[in-house]
Amino acid sequence: MICRLKYLALGTACLAFAVGCEPGANETASTDSDPTVILSEAPSDALSLTEVKEKFTDEETETPNEITLVGKVDAGEFEAFEPNSATFMLSELPDEDHTGGDPDHADNCPFCKRRLANAPKAVVKLVDESGTVRATRADKLAGLSKGDVVTASGTVTYDEAVNLITIQTQKIHVR
């Protein structure tokens, strides 16, 4: 039990650090996004964050480097956008088959709440051609807002200790 609490505290601290939990960092998104980071169509065969995690934890499956994932811009109680960096946090989307398209279903369903609480988070890093994270905040660079659904393809790692996916990508698609 104590070990789980340590990992929970470590995970919370890592999430806060990864997305820049800084007072006053919550600026509004700009509608003047940079078209060089936006895809006009979503990449096909996007995986949920839980499906990505399963690819890394399934011992019988070869661990992939390139993955397409989809999630919602949201970091829970933390700020989703890192200041001075094109880095932001994604959370798991509710299961559309289960919710029946009801946007409020996940807030009222114990099954959905438990599933979303146990799902990994993903840190998306928008990088330039050299692989360096861009310096402009992601909400300004890509016109993102909390709650937007984003699809990204890129190089992925998974840190099981804090249940965190990291993806480096040059372009994203916003639904």
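Distance check, please: which entries in K55/K171; K53/K140; K121/K146; K55/K113; K125/K171 exceed 18 angstrom between their Cα atoms? Spell out each step's value before the answer.
Working: K55/K171 22 Å; K53/K140 29 Å; K121/K146 14 Å; K55/K113 23 Å; K125/K171 10 Å.
As for pairs spanning more than 18 Å Cα to Cα, those are K55/K171; K53/K140; K55/K113.
Run the simple label-point estimate for S40 and Q170 please: 7 Å along Cα→C-beta, distance reported in nm.
1.8
At a Förster distance of 22 Å, what's the computed FRET efficiency of E77 paired with K113, Cβ-Cβ distance as r, to 0.05?
Once rounded, the FRET efficiency stands at 0.90.
Can you order the peptides 42-53, 139-150 by their average number of other Cβ atoms within 10 Å per residue, highest first? Write down the numbers at each step before the final one.
Details: 42-53: 16.9, 139-150: 19.7.
Per-residue mean Cβ counts within 10 Å order the peptides as 139-150, 42-53.
I want to check the label-to-label distance for A161 and S145. Put each point 7 Å from Cα in the C-beta direction and report it in nm to one decimal.
Computed distance between label sites A161 and S145 equals 3.8 nm.
No lab work stands behind these numbers, since they all come straight from the coordinates. As the structure is a prediction and not an experimental result, all values here were calculated from the model. A quick note on method: Cβ atoms are made from the backbone with ideal geometry, for glycine too, and the neighbour counts reach across all protein chains shown.
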